[in-house]
Amino acid sequence: MTEYQRIFRSFDLDGNGSIDRNELTHVMKALGYREVNNETINALIREVDLDNNSTIEFNEFLEMFVKLKSGAMSKDSGIAKVVSKAGQELNQVTAASGGVHSFADEEKVAFAEHINKCLRSDAHISYMMPIDTNSMDLFKAVSNGVLLCKLINLAVPNTIDERALNLKQNLNIFQTQENVNLALGAAKAIGCTVVNVHTENIIEGSPHLVLGLIWQIVKIQLLSAINLKQHPELIRLLEEGEELGDLLKLPAEQLLLRWFNYHLKMASHPRRVANFSGDVKDSECYTVLLNRVAPQMCDLSPLQITDTTARATKVLQFANNLGCEAFIKPSDIVKGNSRLNLAFVASIFNTCPGLDPPTQEELYAAAELLDDDAEGTREERAFRMWINCLGIEDVYINNLYEDLKDGIILLKVMDHVQPGIVQWRQVTFKPNNKFKKVGNANYAVVLGKQMKFSLVGIGGVDIVNGTKKLVLGLVWQLMRLHTLQIIGNLTEAELLEWANGAVASKGKNMRISSLRDHSISDGRFLLELFASIEPRAINWEIVTDGANKEEKAMNAKYVISVARKLGATIFLLWEDIVEVNPKMILTLIAAAARLARKSSTA
């Protein structure tokens, strides 16, 4: 009975005696399941939900084991497989709140090894390196925020101005909170989902949340180069009837799967992979993949090995010989851990993609889609990250123009910004042709006009066609409305007046006349603005006069990191400050206003 109770507690995260949809979803993701949607979760619960209340109580949990032992339920049933995997792989910790949370030990080990390898020479964190992979030291190591910031800069260089970090070994709680705020703010800015991760969770070293965040950062690091801009040879993955736009909208994970299957197909191998778990656990497809991309170094001899662990060991030896430094173990492959297998496949691609380069003609055909103006690219990124941080269920943007084409995500964002504005019965949820997509997009335009947006000359067809300037204009107005809503529906003029007043209140004779004021470019007004909220956050000794481009860039980078360590959620880049992009300046000053309001009510 004790063992059954232990496994049940792995799922019953709030300890209320039942397993609901959210808890089952959380545990399945911790176990590495990729395709976890509402339909899947509901189907799993229905397998054992005797009283049809959409939750699993302990007596129903026990009844499942009785049926499994008697043969009345197959061990291959969906819920049985999930429970078995949880019993074998999950560790449990009790949070300060009393809730029980689960995490996969092999991921803790793998991430610690990866950090040790990548950051071993960083002098700022030498006192915590190497991290003991067999203990809980990883969770202690991240608790002051420094290591997380270093990892983020490894994933996306220069995201954080490390001059803003508090780097002493023994930090007080204020300095620790600043570092962790900076890490979480920067994580949002590079595309991590941190809706349910708070500063105190990191400081306490909450294992399941820490591992989830580290995985997102590591995944961004490993997948950052898997795109058509950096690897135009990915054009080889186009399938019959597809256009480049279809390839562009695929997230890096899907590109990796397609790349994997491309090589299996070219090797005339009968199998294909649809996931990074069960489909690769026997290492057969790995053997074929490595032989395809590096036939001189990786032969097919692992296929002659019947023991799956021994075969996985041989595959990892081949990968290591190829120069692929993976942090996966043979047992992780055999268990089918989807996170670690995804990381392994990404490492193989980054080491040796094995694709023929595109022809000049193919490069010309792709140029229009791949070449963007710098400001437009930055705005697309900022708007995409903003949407991703809203915490809207089943919404994650990989490519703004492609992912908004059917109108559904756009309508979800509108309903989030102005709840109730969308009449969902008017929406086609599976628009399988252009006509239905245009219908959704036209409805979004109608609602935009109701929200008093300026939408002259834009129609649904422009959204479906991905007309960049018009899509950016519409999404910006959504972001602007949301930004001003959360600071009390101030107008831009009122926001400007507040900013000038805040700086003046500290005795500084500095003013800006508008959000386009050229004086903003040196960053000093913005630093004074954040100093009016928390003077201790800024080290004035490293602030420059902003007399030239280099000095302006240094100040602008520092502004962004100061804002984030105070807890601001912002998505602009330092170039937006130096070039005085009024849209992004508005979001930054609004973030400062929100911080000031929080500070005054704390």
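The values are calculated or read from the model by the stated rules, or taken from the named source; none is laboratory data. Values in this document were obtained by computation on a predicted structure and should not be read as measured data. Every residue, glycine as well, gets a Cβ built from its backbone with ideal geometry; the counts of neighbours run over all protein chains shown. We work out accessible area using only protein heavy atoms, side chains counted, and drop any ligands, DNA or RNA first. Shrake-Rupley method; radii C 1.70, N 1.55, O 1.52, S 1.80 Å.
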Among the residues of the stretch 239-254, is there at least one that is open to solvent by less than 40 Å² (accessible area, probe 1.4 Å), on the phi < 0 side of the Ramachandran plot and over 23 Å from the mean Cα position of the chain (by Cα)?
yes
Checklist (1) closer than 20 Å to Thr159 by Cα; (2) at pLDDT 95 or above; (3) open to solvent by 10 Å² or more (accessible area, probe 1.4 Å) applied to Asp517, failing item:
(1)
Condition first: open to solvent by less than 30 Å² (accessible area, probe 1.4 Å), out of contact with any Phe, Trp or Tyr (no Cβ under 9 Å at 6 or more places or on another chain) and under 18 Å from Ile203 (Cα atoms). Can you find one or more residues in the stretch 154-162 that meet it?
no
When residues of the stretch 433-447 are filtered for being more than 28 Å from the chain's Cα centre (by Cα) and surrounded by 11 or more Cβ atoms within 10 Å (Cβ to Cβ), how many remain?
9
Suppose we filter the stretch 323-339 for residues that are assigned to a helix (DSSP H, G or I) and farther than 18 Å from Glu284 by Cβ; how many remain?
1
Before we move on, is Ala86 modelled with pLDDT of 80 or more, outside any loop (DSSP other than H, G, I, E, B) and under 23 Å from Gly336 (Cα atoms)?
no
Yes/no for Ile45 being within 27 Å of the chain's Cα centre (by Cα) and modelled with pLDDT of 70 or more
no
Considering (1) at pLDDT 70 or above; (2) over 23 Å from Arg339 (Cβ atoms); (3) open to solvent by 60 Å² or more (accessible area, probe 1.4 Å); (4) among the charged types (D, E, K, R), say which one Asp20 fails and leave the rest.
(3)
What's the total number of residues in the stretch 402-432 that are farther than 13 Å from Val475 by Cβ, open to solvent by less than 40 Å² (accessible area, probe 1.4 Å) and either touching a Ser or Thr at 6+ places or on another chain (Cβ under 8 Å) or touching a residue at least 12 places away in the same chain (Cβ under 8 Å) (or both)?
6
Test of understanding: among Glu39, Glu35, which residue is modelled with pLDDT under 75, under 25 Å from the mean Cα position of the chain (by Cα) and closer than 28 Å to Val395 by Cβ?
Glu35
Ile202 passes all but one of (1) over 19 Å from the mean Cα position of the chain (by Cα); (2) farther than 18 Å from Trp259 by Cβ; (3) in contact (Cβ under 8 Å) with a residue 12 or more places away in the chain; which number fails?
(1)
Filter pass, Val503 being open to solvent by less than 70 Å² (accessible area, probe 1.4 Å), more than 25 Å from Leu171 (Cβ to Cβ) and either assigned to a helix (DSSP H, G or I) or touching a residue at least 24 places away in the same chain (Cβ under 8 Å) (or both)
yes
Lys168 is checked against (1) open to solvent by 10 Å² or more (accessible area, probe 1.4 Å); (2) in contact (Cβ under 8 Å) with a residue 12 or more places away in the chain and fails just one. What number does that condition carry?
(2)
Looking only at the stretch 466-500, how many residues end up being open to solvent by less than 40 Å² (accessible area, probe 1.4 Å) and in a helix (DSSP H, G or I)?
16
Note on Phe327: of the conditions (1) at pLDDT below 90; (2) open to solvent by less than 50 Å² (accessible area, probe 1.4 Å); (3) touching a Ser or Thr at 6+ places or on another chain (Cβ under 8 Å), unmet is (3)
Only one of Lys281, Lys314 is more than 21 Å from Arg236 (Cβ to Cβ), modelled with pLDDT of 95 or more, open to solvent by 50 Å² or more (accessible area, probe 1.4 Å) and of a type in the set (D, E, K, R); which?
Lys314
Members of the stretch 536-570 found to be within 21 Å of the chain's Cα centre (by Cα), β-branched (Val, Ile, Thr) and surrounded by fewer than 22 Cβ atoms within 10 Å (Cβ to Cβ), listed by number:
Thr569
Here's a check for you: in the stretch 352-387, which residue that is among the charged types (D, E, K, R) and assigned to a loop (DSSP other than H, G, I, E, B) is modelled with the lowest pLDDT?
Asp373
State the number of residues belonging to the stretch 440-494 that are of a type in the set (Asp, Glu) and in contact with a helix residue (DSSP H, G or I) (Cβ under 8 Å, 6 or more places away or on another chain).
2
Which condition breaks for Leu209 when tested against (1) open to solvent by 10 Å² or more (accessible area, probe 1.4 Å); (2) assigned to a loop (DSSP other than H, G, I, E, B)?
(2)
Being in contact (Cβ under 8 Å) with a residue 60 or more places away in the chain, surrounded by fewer than 19 Cβ atoms within 10 Å (Cβ to Cβ) and over 24 Å from Lys219 (Cα atoms) narrows it down to one of Pro353, Pro358, Pro295, so name that one.
Pro358
Which number in (1) farther than 15 Å from Lys249 by Cβ; (2) touching an Asp or Glu at 6+ places or on another chain (Cβ under 9 Å); (3) of a type in the set (A, V, I, L, M) marks the one condition that Met414 misses?
(2)
Identify all residues within the stretch 204-249 that are closer than 18 Å to Arg384 by Cβ and either touching a Lys or Arg at 6+ places or on another chain (Cβ under 7 Å) or of a type in the set (Ser, Thr, Tyr) (or both); write none if there are none.
Ser224
